[in-house]
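Colleague: Have a look at this one before I ask anything.
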Amino acid sequence: MNPSSKRVPSPGGGRFLYQTVTDTLRSRIASGAYPRGERIPSVDELATELTVSSITVRRAIRDLTLEGLLVGRQGLGVFVADDKRIVRTIDGGKLSALDEDMRASGIKASLYDRGISVVPPTDEVFLKGLVSSHASLYRLERLLLADGKVVGLDTLWLPRVLADKLKEHLQGEFIIPLLPQYGIIVDHTRYQIEATTATEAQAQVLDVVSGYPLLVVRYFPSAADGRPILAGQNVTRADRFTYTFTSRAE
């Protein structure tokens, strides 16, 4: 591997040095100097080659990681991303089904069950209002796989009555598309989307480094009276997902 540029030129026009390093690394990825799926040089190696500080290199790598071009793997280093991105669409206030979006992106979606437990409605702050304070919930924990690779953590909280109705489907199946079959009509769905970083435990499961950027999507399918039917949460690798929004003029 012989990248054409051995030294980062001094930035101009008010640019920060890390932005120039970012552009250099991005160019190497685009040209194939750093092939897809291959490990790039270490931070110290890049800092020495480009005659910049390791802090500058780390910031450039962070930005390219957020763009989905690089991915850090626990104990192995930083690699050029080699996987397809999954495009999720929010159109008219509705987020399309996760498994449908994955298929549309040319990716096979599947779930790996990690267990079912009974928890109180205080299990998470955002569960308030899903059931009464004296009731309990079934919590389904699964891994979300894209073409057999783990890309996310999927959790569902179901009221006991709903879990009993769907008991034949609680393992390895996407639940939301099944609701109409049981006469459960979703009038609207409320979403919460936020960014976070991977904990040590999450990093090990998702094959990334601790602190890696993640996307969190919480969703609350609700009846016409506004009552939540269930609650769900997807915690996914930020490099594998892109969200597109469509708004229409009134």
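Colleague: Looking at the stretch 49-123, what strands (runs of 3 or more DSSP E) fall wholly within it and have at least 3 residues that are at negative phi and loosely packed, with under 14 Cβ neighbours inside 10 Å?
Modeller: 109-119
Colleague: Can you tell me which residue among 205, 216, 151, 186 is surrounded by fewer than 17 Cβ atoms within 10 Å (Cβ to Cβ), among the β-branched types (Val, Ile, Thr) and part of a strand (DSSP E or B)?
Modeller: Result: 216 is the single residue among 205, 216, 151, 186 that is surrounded by fewer than 17 Cβ atoms within 10 Å (Cβ to Cβ), among the β-branched types (Val, Ile, Thr) and part of a strand (DSSP E or B).
Colleague: Turning to a different aspect of this structure: Name the residues in the stretch 163-178 that are closer than 25 Å to residue 133 by Cβ and either touching a residue at least 60 places away in the same chain (Cβ under 8 Å) or open to solvent by less than 60 Å² (accessible area, probe 1.4 Å) (or both), would you?
Modeller: Those that are closer than 25 Å to residue 133 by Cβ and either touching a residue at least 60 places away in the same chain (Cβ under 8 Å) or open to solvent by less than 60 Å² (accessible area, probe 1.4 Å) (or both): 163, 166, 170, 175.
Colleague: Out of 160, 237, report the one residue that is out of contact with any Cys (no Cβ under 7 Å at 6 or more places or on another chain) and open to solvent by 60 Å² or more (accessible area, probe 1.4 Å).
Modeller: 160
Colleague: Do you know which of the residues in the stretch 21-37 that are open to solvent by 20 Å² or more (accessible area, probe 1.4 Å), of a type in the set (A, V, I, L, M) and touching a helix residue (DSSP H, G or I) at 6+ places or on another chain (Cβ under 9 Å) is nearest to residue 206 (Cα to Cα)?
Modeller: Among those residues, the one meeting the criterion is 29.
Colleague: Within the stretch 136-148, is even one residue more than 24 Å from residue 192 (Cα to Cα) and either open to solvent by less than 60 Å² (accessible area, probe 1.4 Å) or within 21 Å of the chain's Cα centre (by Cα) (or both)?
Modeller: Scanning the stretch 136-148 turns up at least one residue that is more than 24 Å from residue 192 (Cα to Cα) and either open to solvent by less than 60 Å² (accessible area, probe 1.4 Å) or within 21 Å of the chain's Cα centre (by Cα) (or both).
Colleague: To continue, here is another question. Somewhere in the stretch 38-47, is a residue aliphatic (A, V, I, L, M) and either open to solvent by 40 Å² or more (accessible area, probe 1.4 Å) or in contact with a Cys (Cβ under 6 Å, 6 or more places away or on another chain) (or both)?
Modeller: no
The values are calculated or read from the model by the stated rules, or taken from the named source; none is laboratory data. Fair warning: this is a prediction, and the values are worked out from it, not measured in the lab. Glycine gets a Cβ as well: all are built from the backbone with ideal geometry, and neighbour counts include every protein chain shown. The accessibility values were calculated without ligands, DNA or RNA, using every heavy atom of the protein model including side chains. Shrake-Rupley method; radii C 1.70, N 1.55, O 1.52, S 1.80 Å.
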